[in-house]
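**Q** Structure provided below as structure tokens; questions to follow.
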Amino acid sequence: MSIRDGEDLPNPSTVSAGELGRILRALAGIADELIAPVLTEELRLAQYRRVANLSEWITKAADSLHYDLDRQVNPDEFGDDD
């Protein structure tokens, strides 16, 4: 899975901790690209958009993993209809 070429990411609602970890590790490559000199403004805009999209995905994935684990660890805090 490559996050730099616009490849689709896994569904954040069903992502595993390992998949999330691989995405977080791959962010270093994007950071390297952002540190490098700008080749074109269009490329930089695309990089910013990719970072924004990844940020949204990471938040959704982390929220989903947190919710699922919280339901396991604290089942009494969740009603039967959840």
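**Q** Calculate the tail of P(r) for the chain: the fraction of all Cα-Cα distances greater than 23 Å, expressed in %.
**A** That tail contains 35 percent of the Cα-Cα pairs.
**Q** Which whole-number value in Å² is the accessible area per residue of the chain, probe 1.4 Å?
**A** That works out to 73 Å² for each residue.
**Q** I've got another one for you. Once phi is turned into ³J(HN,Hα) by the Karplus curve 6.51 cos²θ - 1.76 cosθ + 1.60 with θ = phi - 60°, what whole-Hz value does each residue of segment 43-48 show in order, with x for glycine and proline?
**A** 5, 5, 4, 5, 5, 4
**Q** Taking +1 at the Cβ of each Lys and Arg and -1 at the Cβ of each Asp and Glu, which of Ala46, Trp57, Ser16 sits farthest along the dipole of the chain towards its positive end, judged by Cα position relative to the Cα centre?
**A** Ranked along the dipole, the leading option is Ala46.
**Q** Please identify every one of the trypsin sites (Lys or Arg not before Pro) in segment 32-82 that sits in a loop by DSSP and has no more than 13 other beta carbons within 10 Å of its own beta carbon.
**A** none
**Q** Right, something else. With charges set only on the Cβ (+1 for Lys and Arg, -1 for Asp and Glu), what does the dipole of segment 27-82 come to about its Cα centre, in debye to the nearest 20?
**A** 540
**Q** Out of the total accessible area of the chain (probe 1.4 Å, heavy atoms of protein only), what percent is carbon and sulfur?
**A** 53
**Q** Another question, then. Given only helices, namely DSSP H runs of n ≥ 4 each adding -39500 (n - 2.57), what is the per-residue ellipticity at 222 nm of the chain, to the nearest 500 deg cm²/dmol?
**A** Rounded to the nearest 500, it is -22500 deg cm²/dmol.
**Q** Can I ask one more? Taking 7 Å along the Cα-to-C-beta vector as the label spot, tell me the Lys60-Asp76 distance in nanometres, rounded to one decimal.
**A** Output for this residue pair reads 3.5 nm.
**Q** Pop a pseudo-label 7 angstrom from the Cα along the beta-carbon direction at both Ser13 and Asn53 and give the gap in nm to one decimal.
**A** 2.0
The values are calculated or read from the model by the stated rules, or taken from the named source; none is laboratory data. Note that the structure is a prediction, hence the values are computed from the model and not measured. Here the Cβ is made from the backbone with ideal geometry for all residues, glycine too, and neighbour counts use every protein chain on show. For the accessible areas, the whole protein counts, side chains as well, though only heavy atoms, and no ligand, DNA or RNA atoms are used. Shrake-Rupley method; radii C 1.70, N 1.55, O 1.52, S 1.80 Å.
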